[in-house]
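The values are calculated or read from the model by the stated rules, or taken from the named source; none is laboratory data. Please read all numbers here as calculations on a predicted model, not as lab measurements. Note: ideal-geometry Cβ built from the backbone for every residue, glycine included; neighbour counts use all protein chains shown. Heads up: the accessible areas ignore ligands, DNA and RNA and are worked out on the full protein's heavy atoms, side chains in. Shrake-Rupley method; radii C 1.70, N 1.55, O 1.52, S 1.80 Å.
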Amino acid sequence: MTRLTLILSTLVAVLFVAALLIGPAHIGPVPSLRALILGGDGPMTLVMREIRLPRALLGLMIGGALGLAGAAMQGYLRNPLADPGLIGVSGSAALGAVLAIQTGFAATWALGLPLAALAGAVVGVCAVLLLAGPRGSSLSLILAGIAISALAGALTALVLNLSPNPFAANEIVFWMMGSLADRSMTHVWVALPLIVVGAIALATLSRGLDALTLGEDAAEAMGIGLRRMRLTLIFGTAAVVGASTAVAGAIGFVGLVVPHLLRPFVGARPGRLLFASALGGSAMVLAADIAVRAILPDRDLKLGVVTALIGAPLFLHLIYRTRRDVP
């Protein structure tokens, strides 16, 4: 285990425990952990097992998924500005969720909203594959993703514009800001299989991403199947980002900023950046969710707002550092 992996793993473990212990219900650390582990019939067990544990698990899973997908997209496209949302999955998932809220389907069934978002993500991926073509280049993939993202954004705005009452519009806007509040273990079980399958698929790209740094021709000469690699990237990213958006809404900047921050520590090897970015993404989302509860505990501060407030200054600092290093 490298020093970076050890540091990030320790950080994630500390933040995960902190996410379990911090909340509006003022419960001491020892009683909290005892209620979580040993259980019981009291309200403390209910708070720990039904509220804080699912929220911490989702922060761990979703942060890792977004960080991993961001590192894979940037490595494949060899573009440090690439983002998991670039292929239109998050926009399509958001459109599916917005339609579920608008039509009332989300109110009739507890799983209506996340399943509608997953359906939107699947439709978006299929549309990207049709537009980019089975043998399309990286440029065609980017253009198809931008087109689907723009279309999904326009349709989402149309649905919001035609909202029948301000309450529905308010619910849509707040959902799109992203949050882990009021999530249960059901949401964990909905997202977990897709995130695990997608993460395994993206992890298999490590060798191919390293080879791609030498160029597509050199990678093919080394036995890397670029077509298969691209399909694995699309389906892996769609699975992890679609599942994350379905249960938590749109959470931005994690997949864009975390690989940037960690790239100097792993060198010019995108494959090594995958696992580090997964750990870094988990740390960022867990820290942001703790900040949501600690900074304004009486207000419904949204997770996506906090990640944007953290990510935008970090990104500006990276831009400044890059310009400063240019001779």
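Could you look at the chain and say what percent of its accessible area is carbon and sulfur, using a 1.4 Å probe and all protein chains? The value for the chain is 70 percent carbon and sulfur by accessible area.
Using only side-chain charges placed at the Cβ, +1 for Lys and Arg and -1 for Asp and Glu, the dipole size of the range 191-256 relative to its Cα centre rounds to 200 debye.
Residues Thr108, Thr245 ordered from highest to lowest accessible area at a 1.4 Å probe: Thr108, Thr245. Residues Phe167, Phe265, sorted by accessible area with the largest first, give Phe167, Phe265 [1.4 Å probe; ligands and nucleic acids excluded]. Once the Cβ-Cβ distance of Tyr320 and Ala18 is raised to the sixth power relative to R0 = 30 Å, the FRET efficiency obtained is 0.50. Solvent-accessible area of Ile7, all protein chains in place: 100 Å² (probe radius 1.4 Å, heavy atoms, ligands and nucleic acids excluded).
With a Förster radius of 30 Å applied to the beta-carbon distance between Ile146 and Leu296, the computed FRET efficiency rounds to 0.30. Going through (1) 31; (2) 49; (3) 26, the figure that equals percent of Cα pairs over 33 Å apart as computed for the structure here is (3). Whole-Hz Karplus values for the range 22-30 come out as 9, x, x, 7, 7, 10, x, x, 5 Hz, taken residue by residue from phi with 6.51 cos²θ - 1.76 cosθ + 1.60 and θ = phi - 60°; glycine and proline positions read x. Sorting Trp109, Trp189, Trp175 by solvent-accessible area of protein heavy atoms yields Trp189, Trp109, Trp175, largest first, with a 1.4 Å probe. For Arg230, the accessible area of its heavy atoms, probed at 1.4 Å with every protein chain present, is near 10 square angstrom.
The string of couplings for the range 303-317 from the Karplus curve (6.51, -1.76, 1.60, θ = phi - 60°) is 4, x, 5, 5, 5, 5, 5, 7, x, 4, x, 4, 5, 5, 5 Hz, one whole number per residue in order, with x for Gly and Pro.
Helix 3-21 axis versus longest C-alpha principal axis of the chain: approximately 30°, rounded to the nearest ten. Rounded to the nearest 10 degrees, the inclination of helix 53-77 to the longest alpha-carbon principal axis of the chain is 10 degrees. Taken per residue, the accessible surface of the range 173-292 reaches 39 Å², heavy atoms only and a 1.4 Å probe.
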